[in-house]
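The values are calculated or read from the model by the stated rules, or taken from the named source; none is laboratory data. Every value quoted in this text rests on a predicted model; they were computed, and no experiment measured them. We place every Cβ from the backbone using ideal geometry, glycine too, and count neighbours over all the protein chains shown.
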Amino acid sequence: MRVLVIEDEKRVASFMMRSLVEASYAVDCAHDGQEGLELACATDYDVIVVDLMLPKCDGLTVVKELRQRGKMTPVLAVTAKGTVHDRVTGLNTGCDDYLVKPFAVAEFIARVRSLLRRGAPQPPRFQVGDLVLDAATRRVGRAGKPIELTPKEFALLEYLMHNVGHVVTKTMIEQHVWNYSFDSGTNLVEVHLSHLRNKVDRGFDRSLIQTVRGVGYVLQEASANAR
């Protein structure tokens, strides 16, 4: 899942980004409304977190412009202004939820998760063959055997299962599991894929994660020992 944070206060932005990364989200950040609007229009995000008081272009204008352009991405408005009037104005402009500063990490992540469920209804449980991923409990198992994954491995497998049967490229994985600041010159994607395959496919007759040479990777039911 990919989240855009638009926040001009560097300390607050860093806090929100760190909290989201620790919750296994890929995060991009903009420090003014104009940059945030450009990113939001150029990329498909699952949730946008926007401060309403921003330089160059305020948060409400960003949201209004997104809605006028047909972007219906769920928006969490974050601001120090918490009067009823402020909240009503934000919601009427197109914000989906409203969080007043200061806030606790737990509430922030809960609000983001709530918008993810509301904005992109998807089955909380995925299954490909005998491989099962439960997004709600963050548990993975194959043939009834639990599989322990790191947060990044879980995000990678979840992305593959969202696109079951479709080839995803390294660039697509970088953008959805990591973020724009990710150094695409590294082999981190290949390393994580290798670790994930060892956990998901090793010891089973049927390999589910397959490499499409020169293109990318695909998760699908496969013939015995296929790679």
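Scoring MET72 on the criteria (1) loosely packed, with under 14 Cβ neighbours inside 10 Å; (2) modelled with pLDDT under 85; (3) within 18 Å of ILE6 (Cβ to Cβ) leaves a single failure, condition (2). When each of THR83, THR79 is tested for being without any contact (Cβ under 8 Å) to a residue 12 or more places away in the chain, not assigned by TED's automatic domain parsing to the domain that holds GLY203 and not hydrophobic (A, V, I, L, M, F, W, C), the lone residue that passes is THR83. For ILE147, the conditions (1) surrounded by 16 or more Cβ atoms within 10 Å (Cβ to Cβ); (2) in contact with a strand residue (DSSP E or B) (Cβ under 8 Å, 6 or more places away or on another chain); (3) not assigned by TED's automatic domain parsing to the domain that holds HIS166 are fulfilled apart from (3).
Scan segment 1-14 for residues that are touching a residue at least 40 places away in the same chain (Cβ under 8 Å) and either among the aromatic types (Phe, Trp, Tyr) or farther than 21 Å from VAL62 by Cα (or both) and jot them down. If the condition is that a residue be touching a residue at least 40 places away in the same chain (Cβ under 8 Å) and either among the aromatic types (Phe, Trp, Tyr) or farther than 21 Å from VAL62 by Cα (or both), then MET1 is the only one that fits. Scanning segment 81-101 for residues that are of a type in the set (Asp, Glu) and not in a strand (DSSP E or B) gives ASP86, ASP96. Would you confirm whether any residue within segment 43-57 is in contact with a Leu (Cβ under 8 Å, 6 or more places away or on another chain), over 16 Å from GLN175 (Cβ atoms) and in a loop (DSSP other than H, G, I, E, B)? Taking every residue of segment 43-57 in turn, at least one turns out to be in contact with a Leu (Cβ under 8 Å, 6 or more places away or on another chain), over 16 Å from GLN175 (Cβ atoms) and in a loop (DSSP other than H, G, I, E, B). In this entry, VAL62 passes the filter for residues that are crowded, with 16+ Cβ neighbours inside 10 Å and either in contact with a Pro (Cβ under 9 Å, 6 or more places away or on another chain) or of a type in the set (A, V, I, L, M) (or both).
Just the residues that are crowded, with 18+ Cβ neighbours inside 10 Å and in a helix (DSSP H, G or I), please, taken from segment 20-34. Selection gives LEU20, GLY33. Just to be sure, is VAL49 under 22 Å from PRO102 (Cβ atoms) and within 19 Å of the chain's Cα centre (by Cα)? Yes, satisfied.
Mind telling me which of the residues ALA143, ALA110 ends up being among the small types (Gly, Ala, Ser) and touching a residue at least 60 places away in the same chain (Cβ under 8 Å)? Break it down into steps so the answer makes sense when it comes.
On the way: ALA110 fails: touching a residue at least 60 places away in the same chain (Cβ under 8 Å).
Going through ALA143, ALA110 in turn, the sole match is ALA143.
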